[in-house]
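Here is the structure we will look at, set down as structure tokens.
Rule-based calculations on the coordinates, nothing more; no lab input. The shown structure was predicted, so the numbers you read here are calculated from the model rather than taken from an experiment. Cβ placement follows ideal geometry from the backbone for every residue including glycine, while neighbour counts extend to all protein chains displayed.
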Amino acid sequence: MFENLDAVILARAQFAFTVSFHFIFPAFSIGTASYLMVLEGLWLKTGNGVYANLYRYWLKIFAIAFGMGVVSGVVMSYQFGTNWSVFSTKAGPVIGPLMAYEVLTAFFLEAGFLGVMLFGMNKVGKRLHFFATCMVALGTLISATWIISVNSWMQTPAGYAINEKGQFVPAGSWLPIIFNPSFPYRLVHTVIGAYLTTAMVVGAVGAWHLLRDRANLGARKMFSMAMWMAALLTPIQIFVGDAHGLNTLEHQPAKVLAMEGHYEPSPNGASLILFGLPSNETAEVHYKLEVPQLGSLILKHDPNAPLPGLSDFPRDQWPPVPIVFWSFRIMVGLGFAMLGLGLWSLLARWRGALYDWSWLHRASIALGPSGFVAVLAGWVTTEVGRQPFTVYGLLRTSESHSPLDAAAVATSLIAFIVVYFSAFGAGTYYMLRMMAKPPQAGEPEPPKIPQRAAGITPAAAVATSTERKA
Amino acid sequence: MNMADIDLTTIWAGIIGFAVFAYVVMDGFDLGIGILFPTFSVGEERDQSMNSIAPVWDGNETWLVLGGGGLFAAFPLAYAIILPATYPLIIAMLLGLVFRGVAFEFRWRDARHRAFWDVAFSLGSVLAAFTQGMTLGAILQGVHVENDAYAGGWLDWLSPFSLLTGAAVVVGYALLGATWLIWKTEGSTQERARRLALPLGVATLVVLGAVSAATPFLTYDYWRRWFAIPGVLLTAQVPLLVAICAVTFFWGLKRGAERLPFMTALGLFFLGFVGLGISIYPYVVPRAVTIWDAAAPPQSQLFMLVGAAVIIPIILAYTGWAYWVFRGKVGTHGYH
């Protein structure tokens, strides 16, 4: 299977696999942590039991997602060294400290307060427990901030010098490194993406239970909250995405041209290619369906503004256009589908039928996984679009990898695939199974609370819940 | 190179050493519980021992990320040499940690497959501990470096010595796990842990002795560090303290003490760690790369130091608080 692949391709495949799998979990837990914070806060403020029930309902699901995020994240902290040692040596002095700050300010915060959040409901006061929830939510956001700064520096490097060993080192202040040109756009786009991912999941779960029981208070509340998020955040996300694209055009024009499928320059204004089959070999897009001038209107806010083409760049600096072209369309398409759902929900709300329109609920269920797909497609766009570089324009991917035999990388790649699909597949199944149960009044806490007295051991609690299901 | 970067680099070596030791202390006992898991009876014993670490394992494992991330940031060259050199070990360790990490949640979620997740928890813990020990052995025995990069094959780490260090860490973690359970549980779980602690204590001393005896013979340099006059006057204190620690451990176990066995087991680990420091410092890859060779430029180390100096005490404070919230015996009578 791997005979014809070299160590670089395999290392790229491995990194792509482990990071994509990993990011699924934070994409959900960033949003869910904030959602839990809102739920618990509303509960403390209003004393309304439905919020406490929803908190407990989502906490159990969050615990699994977070656990999977942690273990797949530990892998990521070592992947740089195992598979990209040259990159690590060269870029370590610049991005290493940012990642160390992520560990210090975010990972410990999340992990330290997670135990109290999951198991401490009866051990600390309500307010202190809420504080723990807030710290976990804050930790997820701090974590996103640092790691997006690292990634953005790789896309739009700034504030660096190169020393005698060929390493990137800080040129002076750290501020231009941390706040590199693409960082603010990418951070906002990613965090809103995570919130929307959670909103789509929460909405789908609410809709699923509404289809069975329109009177379920928990299902009504979660569906309503999720639809507010969809209606309010998708327009903002589309606006932010547009701004992010303009920023990319300024700093990584080849990536944008790949996203748009423009091989040839367009001196009189570029079209917008809706669909087509780009080919790097022939440097053209086959079977394309395009709208004249719209590309320039979007990217330059002027229909006649000229745009360069990929042919203006050396051939060895082109990203693989077909992947970038299609992943970008998947992301954008799903974004507009979410916008449609949000608008539909507004209409339903206005007509007083938010809990009654079963086709709205079905659409929401269909879009349940859309956030994950959109987030991954977006990352594929930006990461593949950065190719053939690890540090854009400065360090080539083909010069970044570890001195490893292809056999070693191939073996470990297979091991990752087997382990991730079995372990995380099981976890996803457990989460779906929990989501399939309707939220109840008196939602039980996670069934393994350590302070539980003898006689009602966690095992007994699990056994009872299984019986109840049967 | 001026005095300023020497100081910074040494400080960072100390911080990373601290992170690695904090990891060994904290994740050591929860990996140890995984290693001992098959010896506990299904039901209360397993549930209790799992519960005794469920609220803290995640924080414990974060020290491993700090160790790896800190090495990447402060000593990028060392990170870039050691990880390719021990590639299969690191990958196996990570996969072991995946299995045991997910088992914490999954075993409660799926009563029908609990036996399977218990096996995953246990095998994952053994694998993680064994590969960590082997990685240590592989670094100690030396790594082939040319032009600031790893230049050996992908199985260079495999040797009788690294197998020995792997086994040593498994045994040592199991001891930490057993003594933690003596402290945190009662009833049949505690009794079982007590029965396990005695042979594990003996075994730990045997493997500690074996590794210590083998290390100076790996190269002349280790020999000189340990046995040259006058350094031997200082280094001889390490085995002496080990002996004191061991005697206290067995005495505490015999007397039925609940906390002392865990503390003295940690003492043994600490002394082993000091011994490693004596063997390695100031190298980070023995005989090839010193901490100064591997160091990131001073501005990188300084930038992180400012954060580390402020944040690590805060981390220790809230980690301590989290442990305090879950203080006392687990499971049978609830927390006090």
Highest to lowest packing among B:107-119, B:33-45, scored as the average C-beta count within 10 Å | B:33-45, B:107-119
Cα to Cα, under 28 Å, and not fewer than 8 places away if on the same chain: which lysines meet these conditions relative to A:Lys255?
-> A:Lys90, A:Lys288, A:Lys300
Take every residue in peptide A:399-411, count the Cβ atoms of other chains within 10 Å of its Cβ, and give the average of those counts.
-> 3
Amide proton proximity set for A:Leu272, modelled H, under 5 Å, gap of 5+ | A:Val291, A:Gln293, A:Leu294, A:Gly295
The rounded separation in angstrom of the Cα centers of segment B:234-268 and segment B:91-150 is 28
If we count GluC sites (Glu not before Pro) as exposed when they sit in a DSSP loop and have at most 13 other beta carbons within 10 Å, what is the longest stretch of chain A that avoids them all?
-> A:282-470
In Å and whole numbers, how far do the C-alpha atoms of segment B:234-326 stretch along each principal axis, longest first?
-> 53, 40, 18
If the cut-off is 12 Å between C-alpha atoms, which aspartates and glutamates fall inside it for A:Lys165, apart from same-chain ones fewer than 8 positions away?
-> B:Asp148, B:Asp293
³J(HN,Hα), Karplus 6.51/-1.76/1.60, whole Hz, each residue of segment A:160-173, x for Gly, Pro | 10, 10, 10, 8, 5, 8, x, 8, 6, 10, x, 7, x, 5
Among A:Lys255, B:Lys254, A:Lys126, which comes first, then next, by fewest other beta-carbon atoms within 10 Å?
-> B:Lys254, A:Lys126, A:Lys255
With point charges of +1 on the Cβ of Lys and Arg and -1 on the Cβ of Asp and Glu, referenced to the Cα centre of segment A:98-253, which listed residue (A:Phe119, A:Thr197, A:Ser182) lies farthest in the positive direction of the dipole?
-> A:Phe119
Shielding by partners, peptide A:183-196 (average Cβ within 10 angstrom, other chains) = 0
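Please compute, for peptide A:111-122, the average count of beta-carbon atoms on other protein chains lying within 10 Å of each residue's beta-carbon. Before the final figure, lay out the partial values.
On the way: counts 12, 14, 5, 6, 12, 6, 1, 4, 6, 4, 0, 2.
Mean number of neighbouring Cβ atoms from other chains: 6.
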Starting from the amide H of A:Leu395, placed 1.01 Å from N in the peptide plane, find each other amide H under 5 Å away whose residue is 5 or more places distant or on another chain.
-> A:Thr390
For A:Leu109, net neighbour charge (Lys/Arg +1, Asp/Glu -1) across residues whose Cβ lies under 13 Å away = -3
Between the modelled labels at A:Ala407 and A:Lys165 (7 Å from Cα along Cα→Cβ) the distance in nm is 3.2
Please get the size of the charge dipole for the protein assembly as shown, origin at its Cα centre, with Cβ charges of +1 on Lys and Arg and -1 on Asp and Glu, quoted in debye to the nearest 20.
-> 2820
Once you put a point 7 Å from the Cα of B:Ala243 and another 7 Å from the Cα of A:Thr428, both along the Cβ direction, what distance in nm separates them?
-> 6.0
What angle, in degrees between 0 and 90 and rounded to the nearest 10, separates the Cα long axis of helix A:183-212 from the longest principal axis of the Cα atoms of chain A?
-> 40
Karplus-derived HN-Hα couplings along segment B:147-162 (A = 6.51, B = -1.76, C = 1.60, θ = phi - 60°), whole Hz, x at Gly and Pro | 6, 6, 9, 5, 10, x, x, 8, 10, 4, 6, 7, 7, x, 5, 5
Value at 222 nm in deg cm²/dmol, rounded to 500, when DSSP H runs of n ≥ 4 in chain A each add -39,500 (n - 2.57) | -23500 deg cm²/dmol
How big is Rg to Rh over chain A, alpha-carbon atoms, Rh as the Kirkwood inverse-mean-distance radius?
-> 0.99
Filtered hits (aspartates and glutamates, Cα-Cα < 16 Å from A:Lys437, offset >= 8 within chain) -> A:Asp213, A:Glu445, A:Glu467, B:Asp110
Taking Cα atoms only, helix B:76-85 is inclined relative to the longest principal axis of chain B by an angle, in degrees rounded to 10, of 70
Going by alpha carbons, how many degrees (0 to 90, nearest 10) lie between the helix axis of A:321-350 and the longest principal axis of chain A?
-> 40
Determine the sum of side-chain charges near A:Val384: Lys and Arg each +1, Asp and Glu each -1, restricted to other residues whose C-beta is under 12 angstrom from that of A:Val384.
-> +2
Among B:Ile139, B:Thr62, B:Ser188 - extreme Cα towards positive end, dipole of chain B, charges at beta-carbon = B:Ser188
Net dipole in debye of chain A [+1 Lys, Arg Cβ; -1 Asp, Glu Cβ; about Cα centre; nearest 20] | 2080
Size-normalised alpha-carbon gyration radius of the protein assembly as shown, reference 2.2 N^0.38 Å = 0.98
Hey, got the dipole for segment B:205-336? About the Cα centre, +1 on K and R Cβ, -1 on D and E Cβ, debye to the nearest 20?
-> 400
Relative contact order (percent, whole number), chain A, Cα cutoff 8 Å, 6+ residue spacing | 22
What residue among B:Leu83, A:Ala363, B:Gln301 has its Cα farthest toward the positive end of the dipole of the protein assembly as shown, where the charges are +1 on Lys, Arg and -1 on Asp, Glu, each on the Cβ?
-> A:Ala363
At a Förster radius of 25 Å, what calculated FRET efficiency corresponds to the Cβ-Cβ distance of B:Tyr323 and B:Leu198, to the nearest 0.05?
-> 0.40
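Going by C-beta contacts inside 10 Å, put B:Phe227, A:Phe107 in order with the fewest on the left.
With the sparsest Cβ surroundings first, the list reads B:Phe227, A:Phe107.
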Taking other Cβ within 10 Å of each residue's Cβ, how do B:Met134, A:Met76 sort, fewest first?
-> A:Met76, B:Met134
Sequence-distant or interchain residues sharing an amide H contact under 5 Å with A:Ser266, placed H: which?
-> A:Leu307, A:Gly309
Residue by residue, what Karplus-based ³J(HN,Hα) values in Hz, rounded to whole numbers, does segment A:73-90 have, using 6.51, -1.76 and 1.60 with θ = phi - 60° and x for Gly and Pro?
-> x, 4, 4, 4, 5, 9, 5, 4, x, 5, 9, 10, 5, 5, 4, 4, 4, 6
